[in-house]
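A short write-up of the structure that comes next.
The values are calculated or read from the model by the stated rules, or taken from the named source; none is laboratory data. Since the model is a prediction, treat every value here as computed from it, not as a measurement. Backbone-built Cβ (ideal geometry, glycine too); neighbour counts: all protein chains shown.
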Amino acid sequence: MPPEGRLATPSVSAAPIGKFVECATNEDVQSLSVDGILAEGGAETEPEPCALPAVECWNLARRFGDVTALDGVSLTVYRGEFFSLLGPSGCGKTTLLRLLAGLDAPNSGYIRLLGVDMTGVPPQQRPVNTVFQSYALFPHLTVYENVAFGLRMKRLPEPMVERKVREALALTRIHGLEQRKPAELSGGQQQRVALARALVNEPAVLLLDEPLGALDVHLRKQLQTELRQMQRRLGLTFIHVTHDQEEAFTLSDRIAVMRAGRIEQVGTPRQLYEQPRTRFVAQFLGHCNLIDGTAVGWSADRLLVQTALGLMEVAWTGSASPTLPVAADRRPPPTRGQQLTLAVRPERIRMRPDQGAGLGVNTFRAVVEEALYLGASIEYRLRSAGQLLTVLEGRNGHETVPYATGEQVLCAFSPTALTLLDD
Amino acid sequence: MKSSGLPNVSWFRGRLATAWAVVVYLFLYAPLAMILLQSFNSARYGTKWHGFTTQWYRNLPANESVWEACVNSLWLAGSSTLVATALGTALAYGLSRHWFPGSDTVLRLLPLTVFIPDILLGVALLLVVGLLQQVHAVLGPGMTAMLIGHVTFQLPLVALVVRARMATLDPALEEAAMDLGATRWQTFRHVTLPLLQPGIGAAALLAFTLSLDDFIVSFCTTGPGATTLPIWIYASAKRGLSPEVHALSSVLVMAAVALTVALRLVQKKPWFST
C-alpha cells in the first residue's frame with residue numbers, strides 16, 4: 001500500500017463538496033465534465049484521453065469461498081476513455097466493477113480512483129456511479145425522484161436539484177415521463193432513467209454493468225450510438241462491462257478481455273483483433289485459424305516457423321536476439337525448436353485457383369471441403385495437411401465463380417497477417 | 001337458465017355447489033350470528049327470544065369495568081404491537097442483510113414460538129414473572145409482564161412476515177442507493193423501509209389482532225388492575241353469560257371485520273402492480 005495514497009484519503013470526502021459548489025456556477029451540463037470536477041482549468045470536452053489515470057487497479061484478487069472470481073488483476077484506465085471489460089459470463093468482469101464501485105472489497109490488491117487509494121472507502125464516498133444490469137430503479141419513486149435521489153441524499157438545495165435533474169433528463173432524452181413510476185416505463189426508457197440517475201451526480205468514472213443486455217437488437221444499436229456520443233461530449237470516463245464482442249468493439253477506446261478472473265489482453269479493438277496475444281483472445285473475438293509449428297529462425301522483423309502447411313514467415317516486432325534487452329511492449333523471441341502457435345484471421349487468407357505453380361513462402365495447397373454462401377462473403381472450409389481452415393472471401397468487385405467442393409486451391413497470406421500467440 | 005344440451009346436470013351441479021357453500025359458511029358464521037342475535041334479545045336470562053332491544057348496547061358505556069378492560073386491551077395491543085413491529089423488523093432486516101455467528105440458528109428457531117402451545121408459553125412466562133417480581137415489583141404480574149408476554153409471541157411472527165417481504169427485494173436497490181451517495185441509514189430510511197412497508201403493515205395488523213384476542217398468555221401474566229377484554233369476558237362468562245357480554249362480543253366481531261378490511265387495503269401492493 002503506497003503511503004501517499006493513505007495520506008491523500010481525506011481529500012476523497014472533501015471532493016464531492018467542492019465539486020458541487022463549483023458546478024453550481026455552470027450553466028450547461030456539457031461543461032460539467034471531468035475537467036470541471038477536477039478543477040484543472042480549461043474545461044475542454046476533448047474526447048482524447050488525457051495521460052492521467054482515472055482508475056488504477058493493482059493485483060486485485062477476490063475469492064468467494066473456494067471460487068476465485070478475480071485472480072491478480074492489474075489495470076489502468078485513463079481519463080476520458082471509454083473502456084470495456086469483455087469476457088464470457090463468470091470471467092470476473094462484474095466482480096471487478098463491484099470492487100471499483102465499493103460494493104465489494106478485494107481480498108488483496110488495491111484500487112486508486114483519480115490517484116486516491118480507495119481501500120476502506122465506502123461506495124457513498126467514491127467518485128463513481130453505477131448503471132446496474134437490472135437498472136435497480138427505485139420502484140416506489142417517480143422518474144424525477146429516482147434521478148434526484150443522489151442529489152437529495154447530499155442535501156443539495158431543491159432549486160439546484162431540479163435544475164440538474166432537468167438537465168440530466170434532457171441529456172438522456174427523457175421527456176414527459178417525470179411523474180411515471182419505473183414499472184410504467186419500457187425497457188429502453190428504464191435504461192435511460194438509470195443512466196440519468198447516475199450521470200446527474202457527475203461521477204468521475206461511470207460504471208456500466210451490461211447496460212444494454214436486456215434490450216432488443218434495434219434499441220441496443222441506437223443506445224450504443226447515444227452512449228458513445230454522450231461519453232464523447234461529456235468527456236467522462238466510462239467503464240463498461242459486456243459479453244458482447246460487437247458492442248465492445250463499437251463503443252470502446254480500449255478493451256480488456258477477461259477470462260477466469262484474469263485479464264488476457266488489453267488493447268484497442270484493432271490491436272485485439274489483429275494481434276491477439278493468446279489462444280483465448282484469438283478465438284473469443286471472431287473466428288481465427290490456429291496453426292501449430294516450430295520456430296526455426298528469426299531476424300529483426302521476421303520469424304520463421306515450420307508448420308504442417310509449410311514454412312511460414314511471421315512479421316515480428318520482438319527483439320532480434322534473446323540476449324538483447326527486450327522493450328516493455330515487446331516479447332523475447334522464441335528459442336530454436338520451440339513449439340508455438342500462429343493465428344490468422346479467415347479474411348486475411350487469399351485464395352486462387354491451383355495452376356500447379358511452385359509454392360513460395362506463406363503459400364500452401366488446400367482442398368475445398370465446404371462452401372457457405374453468406375451474401376456479402378463466402379465462407380470456405382478448407383483442408384490442408386490434415387488441418388481444417390476457415391477462409392472468408394469478400395465479394396469485392398471481381399465477379400468470380402465460387403470454388404466448388406473438392407476443388408484444389410492455392411492459399412497465401414502476408415507475413416503481417418500472421419500473429420504469434422503466447423500460449 | 002341455459003338451454004343447451006344437458007342443462008339439468010350442470011344446473012344441478014351449480015345448485016349443489018351453492019348449497020355446499022351455504023353449509024360451510026353457516027358452519028363458520030352461525031355461532032357469531034347467534035351472539036349478534038342474542039345481543040338484541042331483551043331477555044335478561046336464558047336464550048329464549050323475548051323481544052328486540054338495544055338496551056345492552058346502551059348499558060355498555062356505563063359499565064366501568066368493560067371500559068377499563070377495553071382501554072387495557074387496546075393499550076396492551078397498541079404498545080406491544082409497536083414494540084414487536086420495531087424489534088421484529090430490525091430482526092428481519094438483520095437476519096436478511098447481515099450474517100453473524102449463530103444467525104442461522106436464530107432463523108431456524110424463529111417459528112418455534114409460533115408452534116409452541118400458548119399455554120406452555122403462558123406457564124413459562126408465569127415462572128419468569130414470579131422470579132422477576134423479586135427483582136422489582138414493576139416486573140411482577142401486571143401490565144409490564146403482559147406487555148413482555150405479548151411481544152414474546154408477536155415478535156417472531158412480525159420477523160417472519162417482514163423477512164418474507166425482504167426476500168423479494170432486489171439487493172441491487174440498496175446497493176444503488178449507496179452508490180448514489182446514501183448513507184446506510186438513508187438507504188434504510190428512503191429505500192428499504194418504504195419497500196418493506198406493505199409487509200410491515202401486514203405484520204403489525206397481525207400482531208395487533210393476536211394481542212387483542214390473546215387470552216392464555218394474558219391470563220398467566222395478569223395482575224391487579226390489568227384486566228383485558230378476553231379476561232373480563234371469561235370472568236363474566238363464569239358468572240353466567242349476560243346479554244352485555246353478547247353486546248360487547250358483537251362490537252368486537254364488528255371491530256374484527258373492520259380490521260380484516262384494513263388488512264386487505266394494506267396488503268394491496270400499489271408499487272408492484274405488474
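State yes or no: is B:VAL22 modelled with pLDDT of 90 or more, β-branched (Val, Ile, Thr) and assigned to a helix (DSSP H, G or I)? Give the steps one after another, and end with the answer.
Details: modelled with pLDDT of 90 or more: yes; β-branched (Val, Ile, Thr): yes; assigned to a helix (DSSP H, G or I): yes.
Answer is yes for this residue.
Out of the residues in the stretch B:163-176 that are more than 7 Å from every other protein chain (Cβ to nearest Cβ) and crowded, with 19+ Cβ neighbours inside 10 Å, which is farthest from B:VAL106 (Cα to Cα)? Quick ask: steps written out before the conclusion?
The first filter runs over the stretch B:163-176 and keeps only residues more than 7 Å from every other protein chain (Cβ to nearest Cβ), leaving B:163-169, B:171, B:174.
Okay, now just the ones that are also crowded, with 19+ Cβ neighbours inside 10 Å, so B:163, B:165-166, B:174.
Details: B:ARG163: 13, B:ARG165: 18, B:MET166: 17, B:GLU174: 24 Å.
For the stretch B:163-176, the residue satisfying everything is B:GLU174.
Condition first: more than 18 Å from B:ILE233 (Cα to Cα) and assigned to a helix (DSSP H, G or I). Now tell me which residues in the stretch B:38-60 satisfy that.
Within the stretch B:38-60, B:GLN55 is the sole residue that qualifies.
Condition (residue is buried (at least 21 other Cβ atoms within 10 Å of the Cβ), among the aliphatic types (A, V, I, L, M) and either away from chain A (no Cβ under 14 Å) or over 23 Å from B:LEU87 (Cα atoms) (or both)) applied to the stretch B:208-224: is it met by at least one residue?
yes
Tell me which residues, restricted to the stretch B:117-129, are loosely packed, with under 13 Cβ neighbours inside 10 Å and without any contact (Cβ under 8 Å) to a residue 12 or more places away in the chain.
Residues of the stretch B:117-129 loosely packed, with under 13 Cβ neighbours inside 10 Å: B:117, B:119-120, B:127.
Those that are loosely packed, with under 13 Cβ neighbours inside 10 Å and without any contact (Cβ under 8 Å) to a residue 12 or more places away in the chain: B:PRO117, B:LEU120, B:LEU127.
Search the stretch A:142-153 for residues being closer than 16 Å to B:MET178 by Cα and of a type in the set (A, V, I, L, M), and hand back the single one that is nearest to the other protein chains (Cβ to nearest Cβ). Break it down into steps so the answer makes sense when it comes.
Within the stretch A:142-153, the first condition is being closer than 16 Å to B:MET178 by Cα, and the residues that meet it are A:145-153.
The next check asks that each one be of a type in the set (A, V, I, L, M); those that pass are A:147-148, A:151, A:153.
Working: A:VAL147: 10, A:ALA148: 10, A:LEU151: 9, A:MET153: 4 Å.
My answer is A:MET153.
Residues checked against (1) within 14 Å of chain B (Cβ to nearest Cβ); (2) among the hydroxyl-bearing types (Ser, Thr, Tyr); (3) in contact with an Asp or Glu (Cβ under 6 Å, 6 or more places away or on another chain); (4) farther than 27 Å from A:ALA214 by Cα:
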{"residue": "A:PRO123", "(1), (2), (3), (4)": "yes, no, yes, no"}
{"residue": "A:THR130", "(1), (2), (3), (4)": "yes, yes, yes, no"}
{"residue": "A:GLN133", "(1), (2), (3), (4)": "yes, no, yes, no"}
{"residue": "A:PHE138", "(1), (2), (3), (4)": "yes, no, no, no"}
{"residue": "A:ARG155", "(1), (2), (3), (4)": "yes, no, no, yes"}
{"residue": "A:MET160", "(1), (2), (3), (4)": "no, no, no, yes"}
{"residue": "A:GLU178", "(1), (2), (3), (4)": "no, no, no, no"}
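Return yes when A:GLY394 is under 30 Å from A:THR335 (Cβ atoms) and of a type outside the set (Val, Ile, Thr) and no when it is not. Give the steps one after another, and end with the answer.
Working: under 30 Å from A:THR335 (Cβ atoms): no; of a type outside the set (Val, Ile, Thr): yes.
No, not satisfied.
For the stretch A:202-211, indicate whether the set of residues that are assigned to a helix (DSSP H, G or I) and either more than 14 Å from chain B (Cβ to nearest Cβ) or on the phi > 0 side of the Ramachandran plot (or both) is non-empty. Reasoning before the result, please.
Initial filter on the stretch A:202-211 (assigned to a helix (DSSP H, G or I)): none.
Among the residues of the stretch A:202-211, not one is assigned to a helix (DSSP H, G or I) and either more than 14 Å from chain B (Cβ to nearest Cβ) or on the phi > 0 side of the Ramachandran plot (or both), which makes the answer no.
With B:ALA182, B:ALA159, B:ALA226, B:ALA203 as the choices, which residue is part of a loop (DSSP other than H, G, I, E, B), in contact (Cβ under 8 Å) with a residue 24 or more places away in the chain and not β-branched (Val, Ile, Thr)? Walk me through it before giving the result.
Working: B:ALA182 fails: in contact (Cβ under 8 Å) with a residue 24 or more places away in the chain; B:ALA159 fails: part of a loop (DSSP other than H, G, I, E, B); B:ALA203 fails: part of a loop (DSSP other than H, G, I, E, B).
So the residue among B:ALA182, B:ALA159, B:ALA226, B:ALA203 that is part of a loop (DSSP other than H, G, I, E, B), in contact (Cβ under 8 Å) with a residue 24 or more places away in the chain and not β-branched (Val, Ile, Thr) is B:ALA226.
Just one of (1) within 14 Å of chain B (Cβ to nearest Cβ); (2) crowded, with 22+ Cβ neighbours inside 10 Å trips up A:GLY65, so point out which.
Evaluating A:GLY65 over (1) within 14 Å of chain B (Cβ to nearest Cβ); (2) crowded, with 22+ Cβ neighbours inside 10 Å leaves (2) as the failure.
Identify the residue in the stretch A:162-176 that is among the charged types (D, E, K, R) and on the phi < 0 side of the Ramachandran plot and, among all such residues, is nearest to the other protein chains (Cβ to nearest Cβ).
Step one: list which residues in the stretch A:162-176 are among the charged types (D, E, K, R), which gives A:162-164, A:166-167, A:173.
Then drop every residue that is not on the phi < 0 side of the Ramachandran plot, which leaves A:162-164, A:166-167.
On the way: A:GLU162: 17, A:ARG163: 18, A:LYS164: 13, A:ARG166: 18, A:GLU167: 17 Å.
Looking at the filtered set, the residue picked out is A:LYS164.
A quick yes/no check of all residues on (1) modelled with pLDDT of 95 or more; (2) part of a strand (DSSP E or B); (3) surrounded by fewer than 24 Cβ atoms within 10 Å (Cβ to Cβ):
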| position | (1), (2), (3) |
| --- | --- |
| A:GLY90 | no, no, yes |
| A:ASP104 | no, no, yes |
| A:TYR110 | no, yes, yes |
| A:THR119 | no, no, yes |
| A:GLN124 | no, no, yes |
| A:ALA136 | no, no, no |
| A:LEU156 | no, no, yes |
| A:GLU162 | no, no, yes |
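Which one is nearest to B:ALA207 (Cα to Cα), of the residues in the stretch B:101-116 that are hydrophobic (A, V, I, L, M, F, W, C) and either without any contact (Cβ under 8 Å) to a residue 12 or more places away in the chain or in a helix (DSSP H, G or I) (or both)? Reasoning before the result, please.
Of the residues in the stretch B:101-116, the ones hydrophobic (A, V, I, L, M, F, W, C) are B:106-107, B:109-110, B:112, B:114-116.
Retained after the next criterion (residues that are either without any contact (Cβ under 8 Å) to a residue 12 or more places away in the chain or in a helix (DSSP H, G or I) (or both)): B:106-107, B:109, B:112, B:114-116.
Values: B:VAL106: 20, B:LEU107: 19, B:LEU109: 19, B:LEU112: 16, B:VAL114: 12, B:PHE115: 16, B:ILE116: 17 Å.
Of everything passing the filter in the stretch B:101-116, B:VAL114 is nearest to B:ALA207 (Cα to Cα).
Quick one: in the stretch A:154-178, of everything that is under 28 Å from the mean Cα position of the chain (by Cα) and not aliphatic (A, V, I, L, M), which residue is farthest from B:ASP179 (Cα to Cα)?
Among those residues, the one meeting the criterion is A:ARG173.
Would you say B:HIS190 is within 14 Å of chain A (Cβ to nearest Cβ), assigned to a helix (DSSP H, G or I) and of a type outside the set (Ser, Thr, Tyr)? Please lay out each step first, then the result.
Details: within 14 Å of chain A (Cβ to nearest Cβ): yes; assigned to a helix (DSSP H, G or I): yes; of a type outside the set (Ser, Thr, Tyr): yes.
Answer is yes for this residue.
Give me the pairs: first residue in the stretch B:7-18 and free of Cβ contacts under 8 Å to residues at least 40 places away in the same chain, second residue surrounded by fewer than 10 Cβ atoms within 10 Å (Cβ to Cβ) and aliphatic (A, V, I, L, M), beta-carbon distance under 9 Å, and six or more apart or on different chains, which are they?
Pairs that qualify, where the first residue is free of Cβ contacts under 8 Å to residues at least 40 places away in the same chain and the partner is surrounded by fewer than 10 Cβ atoms within 10 Å (Cβ to Cβ) and aliphatic (A, V, I, L, M), are B:PRO7/B:MET1; B:TRP11/B:MET1.
Could you please find all residues in the stretch A:74-121 being of a type in the set (A, V, I, L, M) and within 14 Å of another protein chain (Cβ to nearest Cβ)? Let's see the steps before the verdict.
Residues of the stretch A:74-121 that are of a type in the set (A, V, I, L, M), as a first pass: A:75, A:77, A:85-86, A:96-97, A:99-101, A:103, A:105, A:111, A:113-114, A:116, A:118, A:121.
A:LEU97, A:LEU99, A:LEU100, A:ALA101, A:LEU103, A:ALA105, A:LEU113, A:MET118, A:VAL121, listed by residue number.
Within the stretch B:141-188, can you find the residues that are out of contact with any helix residue (DSSP H, G or I) (no Cβ under 6 Å at 6 or more places or on another chain) and of a type in the set (Gly, Ala, Ser)?
Within the stretch B:141-188, B:GLY142, B:ALA164, B:ALA167, B:ALA172, B:ALA176 meet the criteria.
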